[in-house]
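Undergrad: Encoded as structure tokens, here's the structure I'll be asking about.
The values are calculated or read from the model by the stated rules, or taken from the named source; none is laboratory data. The structure displayed is predicted, hence computed values, not measured ones. Cβ placement follows ideal geometry from the backbone for every residue including glycine, while neighbour counts extend to all protein chains displayed. Only protein heavy atoms, including side chains, enter the accessible area calculation; ligands, DNA and RNA are left aside. Shrake-Rupley method; radii C 1.70, N 1.55, O 1.52, S 1.80 Å.
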Amino acid sequence: MNLHEYQAKRLFAGYRIPVPLGITADTAEQARKAAQELGGQRWMVKAQAHTGGRGKAGGVVLADTPAQVQQAAGQMLSAPIVTRQTGPAGLPVSCVLIEEPCAIATELYLSVLIDRETQRILLMASQAGGMNIEEVAAATPEQIFTLTVDPSAGLQPYQCRRLGFALGLTGTQVRSLQKILFSLVELVQSEDASLVEINPLIVTETGDLLALDAKINLDSNAAYRHKDWQTMRDISQEDAREARAAEHDLNYITLDGNIGCMVNGAGLAMATLDLVRLQGGAPANFLDVGGGTTAERVAEAFKLILSDDKVVAILVNIFGGIVRCDLIADGILSAAQQVGIPVPVVVRLAGTRATEGLARLAASDLQVTTAADLTEAARQVVAVAGGKV
Ligand code: GDP
Ligand code: MN
């Protein structure tokens, strides 16, 4: 689960990580009032959406008067923001953050994440902040410094000093950085964050360190011990189909291709995507309908897949262990009755009651192709989807 910048900055403040003073607004009028409340001569207006790259997309604006704040906020709130991370549809903006501007001397990059390879918390920092860190990593990897936190010893002051001096900071600034790093590690552990990114972490003209931007990903697997997360969730920023799938306990992720895939079990679903790719096709989604699948959930899954208008063919791959293949067949037929299935469907059923399931499909007037094994099914669905992409 992702947080908005203003939510992340509130969390930062709670962990004594310095952030600029700011007020959120839902309307242009509120934005003007927020500017007056903040006082000062100039203001930053920042569109709140779950994406980076807002600066280059008109989502970060410096305003000289409260009237300009109002105008910039009105513009941001009137249309989705399209950045290089969002895709052409963009993301809706229903809130802006008004902040006091900061005089920047240097823009640093700082992030904390879980390194799966070492199974430790990893801190990453660079002097090349404000930019796309992937590009820095590709072109000048020597500009990125990392440190890993030993889980039993914890973060060590000498590690922070080493990182600070590598970033070219002064003694006082290194001490500020050390406090921020300790706070960040504490935040990641207490809040069950999987990623915290500050880009840029600035050194101001007076030599202070400040988090000018804030990105936090929370580990959804830990949601059960953070009841307050529900109030921070913004469904308007999530993929609509993925949110609907979650309501039905379906594990669904939108992909770029045109072949809808309905599979039980995450491992089998991954293998199915690989095989479709191997045959030259492009999957439109990952979908694990789960182990205890019922006919209703299969019908829901079908509706979900069909609501994506990129889908030109569907591959059903079910291995009946706990789940009964005849019930899967019922689900497919019920979906066909409820919404109609306008695209060709290739079905591979194996395991418990597969023969009965296939017989039910054959007896119906639904146009389905059945395949005996997975490779054959993948080959067939790629063919009916129009061949290799
Ligand atoms: P992002 O583009 O979505 O990552 O949004 P950021 O919050 O990182 O803002 C983008 C850029 O705007 C930053 O890298 C800064 O260069 C600039 N910026 C943001 N806030 C301020 C500010 O208070 N003062 C100044 N001078 N520049 C700012
Ligand atoms: Mn940023």
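Undergrad: Looking for whichever is at negative phi, in contact with a strand residue (DSSP E or B) (Cβ under 6 Å, 6 or more places away or on another chain), among the hydrophobic types (A, V, I, L, M, F, W, C) and in the same structural domain as residue 294 (by TED's automatic domain parsing) here; the options are 211, 193, 166, 245. Which one fits?
TA: 245
Undergrad: Here is a follow-up. Select, from 231, 293, 254, the only residue that is hydroxyl-bearing (Ser, Thr, Tyr) and over 30 Å from residue 26 (Cα atoms).
TA: 293
Undergrad: Something else: Could you tell me whether residue 49 is modelled with pLDDT of 95 or more and either surrounded by fewer than 18 Cβ atoms within 10 Å (Cβ to Cβ) or away from ligand 2 (no atom under 16 Å from the Cβ) (or both)?
TA: no
Undergrad: Report yes if residue 27 is away from ligand 1 (no atom under 12 Å from the Cβ), surrounded by 14 or more Cβ atoms within 10 Å (Cβ to Cβ) and over 30 Å from residue 166 (Cα atoms), otherwise no.
TA: yes
Undergrad: Looking at segment 79-102, which of its residues are out of contact with any helix residue (DSSP H, G or I) (no Cβ under 9 Å at 6 or more places or on another chain), at pLDDT 95 or above and over 16 Å from residue 23 (Cα atoms)?
TA: Passing the criteria: 79, 80.
Undergrad: A further question follows. State which residue is surrounded by the most Cβ atoms within 10 Å (Cβ to Cβ) when the search covers only segment 261-315 and only residues that are hydroxyl-bearing (Ser, Thr, Tyr) and at pLDDT 90 or above.
TA: 272
Undergrad: Here is a check on your reading of the model: is residue 166 within 16 Å of ligand 1 (Cβ to nearest atom) and over 22 Å from residue 60 (Cα atoms)?
TA: In short, no.
Undergrad: Is one or more of the residues making up segment 55-72 in contact with a Leu (Cβ under 7 Å, 6 or more places away or on another chain) and either assigned to a loop (DSSP other than H, G, I, E, B) or farther than 22 Å from residue 238 by Cα (or both)?
TA: no
Undergrad: Right, next: List, please: which pairs have Cβ atoms under 6 Å, are six or more places apart or on different chains, and start with a residue in segment 25-54 that is farther than 25 Å from residue 237 by Cα and end with one that is assigned to a loop (DSSP other than H, G, I, E, B) and more than 9 Å from ligand 1 (Cβ to nearest atom)?
TA: Within 6 Å, the pairs are 42/64.
Undergrad: Then there is this: Name the residue that is most open to solvent (accessible area, probe 1.4 Å), counting only residues in segment 339-389 that are in a loop (DSSP other than H, G, I, E, B), over 14 Å from residue 312 (Cβ atoms) and among the small types (Gly, Ala, Ser).
TA: So the residue we want is 372.
Undergrad: Sort through 201, 181 and tell me the only one that's away from ligand 2 (no atom under 16 Å from the Cβ) and buried (at least 18 other Cβ atoms within 10 Å of the Cβ).
TA: Result of the check over 201, 181: 181.
Undergrad: Looking for whichever is over 30 Å from residue 45 (Cβ atoms) and not in a helix (DSSP H, G or I) here; the options are 174, 149. Which one fits?
TA: The match here is 149.
Undergrad: Now, a different point. Restricted to segment 52-70, and to residues that are away from ligand 2 (no atom under 16 Å from the Cβ) and surrounded by 17 or more Cβ atoms within 10 Å (Cβ to Cβ), which residue is farthest from residue 83 (Cα to Cα)?
TA: Applying the filter and picking the extreme gives 66.
Undergrad: So, one more: Determine if segment 213-232 includes at least one residue that is surrounded by 20 or more Cβ atoms within 10 Å (Cβ to Cβ) and either of a type in the set (Lys, Arg) or in contact with a Gly (Cβ under 6 Å, 6 or more places away or on another chain) (or both).
TA: Within segment 213-232, not a single residue is surrounded by 20 or more Cβ atoms within 10 Å (Cβ to Cβ) and either of a type in the set (Lys, Arg) or in contact with a Gly (Cβ under 6 Å, 6 or more places away or on another chain) (or both).
Undergrad: Looking at 137, 125, which is the one that is within 15 Å of ligand 2 (Cβ to nearest atom) and not assigned by TED's automatic domain parsing to the domain that holds residue 35?
TA: None of the other options fit; the residue is 125.
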